[in-house]
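Undergrad: This is the structure I want to talk about, given as structure tokens.
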């Protein structure tokens, strides 16, 4: 199963329509995709990965290996409430601790993808950015996770099954060690390591809500592995804490329509485009302050 790859360079030439269609399909049917030619400096990405691995080995490894969780694996029982990962967080917006740790901010890329998603959905270009802004602007931060070699990978997940709560997730993952899996069409899809510094993107719950279910937030997990240290740097482009997220009005189907009113319009437009008929009904509702009835 080939994971969709969005080449951002193709948005500037004759392949733009094809690339936009691929992005729409990826968001609609997959909930995740790879991005190539994203413009983030690859030497910087390599440097960040090196520093994150170094930080784990110097500051976190000993504590993790001596943790109670690691000792519990010797009891031969599946551990349901813990994850085999060592993590720390870097905050970018609205407050930042970037001076404390060297991190990687991908805010511009997330906002570019949000604009492309809006274009494909047929809503205002900056709708997602505005919806996420709240009183202080979208929330951006990074989770750095190391998945060390696990002596009993059958007894614990690297990270348990979940969907992401937020908006757009940009993942700089390991280029050697696998483990990430997404649930699609009733089975788990193994995500390969990100070669050539491609960035992996997945959609969070708030994009599914805002798109009225058109774009999907997908369940995923990380499997514990017996060999290798897997690195994951996930940057989350999320709504502000006080942002109110709801489906974009333009994406909602007509509502509060009296069936007789629908039939009256249907008889006139039966052999026309259903989308135009629905739009006419939405326009009709927006022109009234009360629920439509056959007497309106």
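The values are calculated or read from the model by the stated rules, or taken from the named source; none is laboratory data. What you see is a predicted model, and the numbers here were worked out from it, not measured in a lab. Note that each Cβ is placed from the backbone with ideal geometry, even for glycine, and that neighbours are counted across all protein chains shown.
Undergrad: Looking at the range 148-179, which of its residues are over 18 Å from the mean Cα position of the chain (by Cα) and within 15 Å of residue 89 (Cα to Cα)?
TA: none
Undergrad: Follow-up. With the checklist (1) assigned by TED's automatic domain parsing to the domain that holds residue 127; (2) at pLDDT below 95; (3) part of a loop (DSSP other than H, G, I, E, B); (4) touching a helix residue (DSSP H, G or I) at 6+ places or on another chain (Cβ under 9 Å) in hand, flag the one item residue 293 doesn't pass.
TA: (1)
Undergrad: For residue 240, indicate whether it is under 18 Å from the mean Cα position of the chain (by Cα), closer than 30 Å to residue 78 by Cβ and surrounded by 17 or more Cβ atoms within 10 Å (Cβ to Cβ).
TA: In short, no.
Undergrad: On to the next question. All but one of (1) surrounded by fewer than 17 Cβ atoms within 10 Å (Cβ to Cβ); (2) in the same structural domain as residue 130 (by TED's automatic domain parsing); (3) out of contact with any strand residue (DSSP E or B) (no Cβ under 8 Å at 6 or more places or on another chain) hold for residue 271; which doesn't?
TA: (2)
Undergrad: Could you please let me know if residue 213 is surrounded by fewer than 17 Cβ atoms within 10 Å (Cβ to Cβ), assigned to a loop (DSSP other than H, G, I, E, B) and either in the same structural domain as residue 115 (by TED's automatic domain parsing) or at positive phi (or both)?
TA: Yes: the conditions hold for residue 213.
Undergrad: Something else: If I go through the range 113-140 residue by residue, how many of them are in contact (Cβ under 8 Å) with a residue 40 or more places away in the chain and not in a strand (DSSP E or B)?
TA: Looking only at that region, the number is 19.
Undergrad: Next question. For the range 245-262, give me each residue that is under 12 Å from residue 210 (Cα atoms) and in contact (Cβ under 8 Å) with a residue 12 or more places away in the chain.
TA: Result: 245, 246, 247, 248, 250, 251, 252.
Undergrad: Do we have any residue at all in the range 50-73 that's surrounded by 13 or more Cβ atoms within 10 Å (Cβ to Cβ), closer than 29 Å to residue 251 by Cα and assigned by TED's automatic domain parsing to the domain that holds residue 112?
TA: no
Undergrad: So if I check each of 44, 23, which one is surrounded by 11 or more Cβ atoms within 10 Å (Cβ to Cβ), in contact with a strand residue (DSSP E or B) (Cβ under 8 Å, 6 or more places away or on another chain) and not in a loop (DSSP other than H, G, I, E, B)?
TA: 23
Undergrad: A further question follows. Counting only residues that are out of contact with any strand residue (DSSP E or B) (no Cβ under 6 Å at 6 or more places or on another chain) and surrounded by 10 or more Cβ atoms within 10 Å (Cβ to Cβ), which one in the range 79-94 is modelled with the lowest pLDDT?
TA: 94
Undergrad: Name the residue that is surrounded by the fewest Cβ atoms within 10 Å (Cβ to Cβ), counting only residues in the range 26-41 that are at pLDDT 95 or above and over 17 Å from residue 234 (Cβ atoms).
TA: The extreme case among them is 29.
Undergrad: For the range 216-237, give me each residue that is assigned to a loop (DSSP other than H, G, I, E, B) and surrounded by fewer than 22 Cβ atoms within 10 Å (Cβ to Cβ).
TA: Hits for the range 216-237 are 216, 218, 219, 225, 226, 227, 228, 229.
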